[in-house]
């Protein structure tokens, strides 16, 4: 592994708030809505997060919270229509990608920012061999010859620890097991040495034992290559081992952002608390599982005030009236709850 | 694969026998006198009738006739016409012309159908999409002889861009208009199938992946999307070649092409039953082989399909 790519422009993440912050990838007050026949669903309502080289940001949230749509907007693969970006910026090396030409954005894909999808069976093209789909990038993007591209693709398959990479090169996706297919997907996404890797629920479709292997592999590759990684998941167990920071999303907003340790020890938002409490525990065997009562809000009709208030056990009248902004409560910690201080300072 | 191929080839045998017998029986049961009008106004003399009947086994039962016909056929003998002309001769002179016309029609319908299908599938509900939908409906609704005569009159007579009929040399340039006429309805169907297929696959996950890899749009559409969307189109095209040859009768008539359509029509009118059967036998074989090829091509296009 000689080709660890450290970008010249990505300065170590200074914790300031000045605009040209030198961050690798920043999402700033992003807003996306889906215009459908039934109405307008406000899917992303001001998401702000960032990731620097060498760090892993986990984006946590229920389905429908907007975590995948944010990722699709970053990649520029949002289905338009129905999806429309209505505000905000996505800055890569300080430049707003939403204002770039289609061609400029295309060049960033794969090389600057790459993505791993959840369901590797449908995400890989069924009629081409796995090797072809990896080698294709070397041929098209790097202009390599067929044989060189094949050599590099086999190297990539080797790096993601697929046994007999040479023989597997000419297999079709359906001839791989789920875990092996996700490894191939990872190999494909890393082929062009991206600076940022977005992994959209990379282990959701896999067996539990395989999940751990894939997460280990992802963590290892991220460290080796010093990539910035955005790990999208709804699985709290997956997050703890790999992530440096966690951003919790609810109804298209970040409701809490914190270091992994802080977040698990002292959540600063009742939604995070609810998520943590809903992890099944061995010492509570036989008892009913704890859940967050209620359902995620209808995005065509988001409750006024704090969108979590109808489900929140701590809700006060103010929560129905005023939308709490995402405020910094400690260094490196932010929460969008009127009672964040009370939560953190408990017992 | 080998076993599958063998099984499919064996399946051809009963289908071949069944279809040829059906044709033979059909032609055999058509009422009428094969010697009517053969010898002028007075009718044929008795001894001529007797000789001809004996020569062509016309008094034998259909079973005997069919058996001896098949026996000769497998030895490569299609028989002779009542005028003593070998039927294989008729087939070898007219068949290449029909084949040529059918292939030109197939190419034209593939180009037009696929082109229109891909463009409209990528941009649904646009102006082009509506234009193609309306014009394809038009082509499907109009009978071939209307399209044929109208285009022949405009291009051949009024504007004089082409000669109204095709010469015996069968130049490709002469065949473009007849080919378009022959393939017009099919190209409309192909455009619609391709449009649906493209539109369906357009939102597929693997297309999104291809875009996320930073491939140029040309390649995403031309390689990843098209390859998957082609599967139903190829099936349609393959089976269509057989149908085009059988359906060429009208087009050949309009443009004066000496093809099998014309020959088979003449043979039916003059009660040359052996000629009818011979030509249809060839059509059946082509049809069966094309179907087999399509099935094999299907597996080549979609590796998930495995034949055991």
Requested in this report: Determine if segment B:167-184 includes at least one residue that is buried (at least 16 other Cβ atoms within 10 Å of the Cβ) and within 30 Å of residue A:127 (Cα to Cα).
Outcome: yes
**Report entry** Members of segment A:157-167 that are within 22 Å of residue A:215 (Cα to Cα) and part of a helix (DSSP H, G or I)
**Finding:** A:157, A:158, A:159, A:165
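Yes/no matrix, rows are residues, columns are (1) under 20 Å from the mean Cα position of the chain (by Cα); (2) over 30 Å from residue A:174 (Cβ atoms):
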position: B:172; (1), (2): yes, yes
position: B:197; (1), (2): no, no
position: B:203; (1), (2): no, no
position: B:218; (1), (2): no, no
position: B:228; (1), (2): no, no
position: B:237; (1), (2): yes, no
position: B:251; (1), (2): yes, yes
Query raised in the report: Does any residue of segment B:153-166 turn out to be in a loop (DSSP other than H, G, I, E, B), closer than 23 Å to residue B:230 by Cα and more than 26 Å from the chain's Cα centre (by Cα)?
Result: no
**Report entry** Identity of the residue in segment A:168-181, part of a helix (DSSP H, G or I) and away from chain B (no Cβ under 13 Å), that ends up farthest from residue A:222 (Cα to Cα)
**Finding:** A:168
Query raised in the report: How many of the residues in segment A:206-223 are crowded, with 18+ Cβ neighbours inside 10 Å and not in a helix (DSSP H, G or I)?
Result: 1
Report summary line: Among the residues of segment B:204-253, the number that are outside any helix (DSSP H, G or I) and away from every other protein chain (no Cβ under 13 Å) is 1
Query raised in the report: Taking segment B:268-308 as the region of interest, how many residues are within 14 Å of another protein chain (Cβ to nearest Cβ) and closer than 19 Å to residue B:97 by Cα?
Result: 0
Query raised in the report: Is it the case that segment B:262-271 has a residue that's modelled with pLDDT under 85, buried (at least 21 other Cβ atoms within 10 Å of the Cβ) and not in a helix (DSSP H, G or I)?
Result: no
Requested in this report: Look through B:54, B:110, B:116 and report the one residue that is within 30 Å of residue B:21 (Cα to Cα) and in a helix (DSSP H, G or I).
Outcome: B:54
Report task. Return a yes/no flag: does segment A:106-128 have any residue that is in contact with a strand residue (DSSP E or B) (Cβ under 7 Å, 6 or more places away or on another chain) and over 30 Å from residue A:151 (Cβ atoms). Result -> no
Requested in this report: Tell me, please, whether a residue that is buried (at least 23 other Cβ atoms within 10 Å of the Cβ) and part of a helix (DSSP H, G or I) can be found in segment B:279-301.
Outcome: yes
Report summary line: Reported set for segment A:234-250 where residues are out of contact with any helix residue (DSSP H, G or I) (no Cβ under 6 Å at 6 or more places or on another chain) and part of a strand (DSSP E or B) is A:245, A:247
Query raised in the report: How do the helices (runs of 4 or more DSSP H) wholly within segment A:43-144 filter down when requiring 1 or more residues that are away from every other protein chain (no Cβ under 13 Å) and more than 30 Å from residue B:306 (Cα to Cα): which remain?
Result: A:67-75
Query - Odd one out for residue A:187, checked against (1) assigned to a helix (DSSP H, G or I); (2) buried (at least 21 other Cβ atoms within 10 Å of the Cβ); (3) in contact (Cβ under 8 Å) with a residue 60 or more places away in the chain - result: (3)
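The values are calculated or read from the model by the stated rules, or taken from the named source; none is laboratory data. Note that the coordinates shown come from a computational prediction; the quantities given were computed from them, not determined experimentally. With ideal geometry, Cβ positions are generated from the backbone for all residues, glycine too; neighbour counts draw on all protein chains shown.
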